[in-house]
Amino acid sequence: MFEDVLNDIKDGAGDFDKRDVTLLNPLVLAYIGDAVYEMFVRTVVIMSQPESSVHKMHMKTTEFVKAHAQFEILKRISPDLTEEEANIVRRGRNCKSGFVPKNADVVEYRMATGFEALIGYLYMIQNNKRLIEMLNLSVSGEHDMGDVPHFI
């Protein structure tokens with residue numbers, strides 16, 4: 001289901017050459033990655049807790065999209081990253097945005113930016129299989145989301 005949504009969005013947006021995507025500023029990749037990741041998490045929350053109030057859904061989503069959670073996710077998935085993916089994460093992590101939210105640790109925020117850059121990169125090069133794999137890994141594990149649907 002989520003992969004169909006990704007395909008529909010990309011069909012309307014056009015194709016990007018992998019080389020062109022690699023040359024994008026990592027903050028641009030993080031910008032789109034943030035949107036893709038939040039849409040995924042919101043979809044999972046709605047599917048796993050359809051009767052919850054919107055406020056509860058928002059609170060559950062926030063558990064996954066905040067910098068600390070993304071930092072923890074990145075620590076968990078890092079051993080499984082390809083060299084190319086690790087380079088995207090490194091570039092995102094090292095790119096200074098000039099902004100750190102007051103409720104986030106600087107190191108965690110920068111690592112979270114690396115995670116979002118990875119998600120954005122996979123989305124932009126249309127590697128949906130790997131993107132869905134990374135997204136599924138992001139909601140499995142230590143956080144309790146109840147019966148979490150996986151998109152494969």
For the range 2-139, give the magnitude of the charge dipole about the Cα centre (Cβ charges: +1 Lys/Arg, -1 Asp/Glu; no others), in debye to the nearest 20. 540 debye
For the table LYS102/LYS129; LYS75/LYS102; LYS60/LYS96, the rows whose alpha-carbon distance is greater than 24 Å are LYS102/LYS129; LYS60/LYS96
Largest-first principal axis extents, alpha carbons of the range 2-139, Å: 44, 36, 27
Apply 1/(1 + (r/R0)^6) to the Cβ-Cβ distance of ARG90 and LEU137, taking R0 = 22 Å, and write down the FRET efficiency to the nearest 0.05. 0.70
Give me the one-decimal nm value for the distance between modelled label points at VAL106 and ARG19, 7 Å along each residue's Cα-to-Cβ direction. 3.8 nm
LYS129-GLU38 pseudo-label distance in nm [points 7 Å out on the Cα-to-Cβ vector]: 3.1 nm
Lysines near LYS56 by alpha-carbon distance under 17 Å, same-chain residues fewer than 8 away left out - which ones? LYS66
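Read the figures in this text as sums done on the coordinates, not as results from a lab. Remember, predicted model here, so these are calculated numbers, not experimental data. Positions of Cβ are backbone-derived with ideal geometry, glycine not excepted, and every protein chain shown enters the neighbour counts.
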